[in-house]
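The values are calculated or read from the model by the stated rules, or taken from the named source; none is laboratory data. Note that the structure is predicted; figures quoted are calculated from it, not measured. Cβ: placed from backbone, ideal geometry, glycine included. Neighbour counts: every protein chain shown.
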Amino acid sequence: MIRVAVSGAAGRMGQETCAAVEGAQDMDLVARIDPSLGVELEPALAEHTPDVLVDFSVPDSAVANIRAAVTAGVHVVVGTTGFDLDAIGGLSGANVFIAPNFAVGAVLMMLFAAEAAKHMRAAEIIELHHDRKLDAPSGTAALTARRMHEAAPDRPAPPIHSVRLPGLVAHQEVILGDVGQTLTIRHDSLDRSSFMPGVLLAIRRVGTLPEPVVVGLERLF
């Protein structure tokens, strides 16, 4: 059994993750960590000794959470976005897996967009999320833009437009244009359950990563 603790357990993604872990036959949810629940990270790690910490907290606390877990020898799966990845460089003692988006369809959208960027002259990204999302642009949009620029380095990274409205969950479209034509690649997460297969995959694989820090769900396919 993989012993799992969830940081940010009182949030919407945290609650969804706790339910998914509880429903997985090879996992044991050992701690729900969240200041609003009266459970702090480091004491919970020491008391419950998880194998993996899943972090769906907030950008301001994510780096400290990751560092504390790795120091304790606990692997980390990170879904929090909006923090500087360079801030976790040089960590050792456990692995860190980071995914701006855990939905398989969103990963495919990024791969398709990177391939299309090689052949279309220009592109822009529109990302749409619920009004409580703290970071803009989203981690998914930022990674999409970077991957498209890497695929077509002779062109600038596409600009990103962020929309925050009640009623949305997580949506992104990449619009590419060339002479007399456009191509739109769009992904919609209609429910947070869409992220859970990717989260569970990351929990199962984080302990055997080829590098101490790995970014992107496609690295686990």
Just need a number here: residues in the range 44-73 that are surrounded by 21 or more Cβ atoms within 10 Å (Cβ to Cβ) and of a type in the set (V, I, T).
-> 4
Going through (1) surrounded by 22 or more Cβ atoms within 10 Å (Cβ to Cβ); (2) under 19 Å from the mean Cα position of the chain (by Cα) one by one, L41 fails only at (2)
Considering (1) crowded, with 19+ Cβ neighbours inside 10 Å; (2) out of contact with any strand residue (DSSP E or B) (no Cβ under 9 Å at 6 or more places or on another chain), say which one M120 fails and leave the rest.
-> (2)
Unique match (being at pLDDT below 95, among the β-branched types (V, I, T) and in contact with a Ser or Thr (Cβ under 8 Å, 6 or more places away or on another chain)) among V70, V58, V54 | V58
Could you please tell me which pairs satisfy a Cβ distance under 7 Å, a separation of 6+ or placement on different chains, a first residue in the range 78-91 that is touching a residue at least 40 places away in the same chain (Cβ under 8 Å) and exposed (fewer than 13 other Cβ atoms within 10 Å of the Cβ), and a second residue that is of a type in the set (A, V, I, L, M) and in a loop (DSSP other than H, G, I, E, B)?
-> none
Sole residue being surrounded by 13 or more Cβ atoms within 10 Å (Cβ to Cβ), more than 25 Å from V96 (Cα to Cα) and of a type in the set (A, V, I, L, M), chosen from L209, L201, L183, L217 | L183
When you go through (1) over 15 Å from the mean Cα position of the chain (by Cα); (2) closer than 11 Å to A5 by Cβ; (3) β-branched (V, I, T) one by one for V54, which number turns out not to apply?
-> (1)
Scanning the range 107-160 for residues that are of a type in the set (G, A, S) and over 28 Å from G11 (Cβ atoms) gives A113, A114, A116, A117, A122, A123, A151, A152, A157
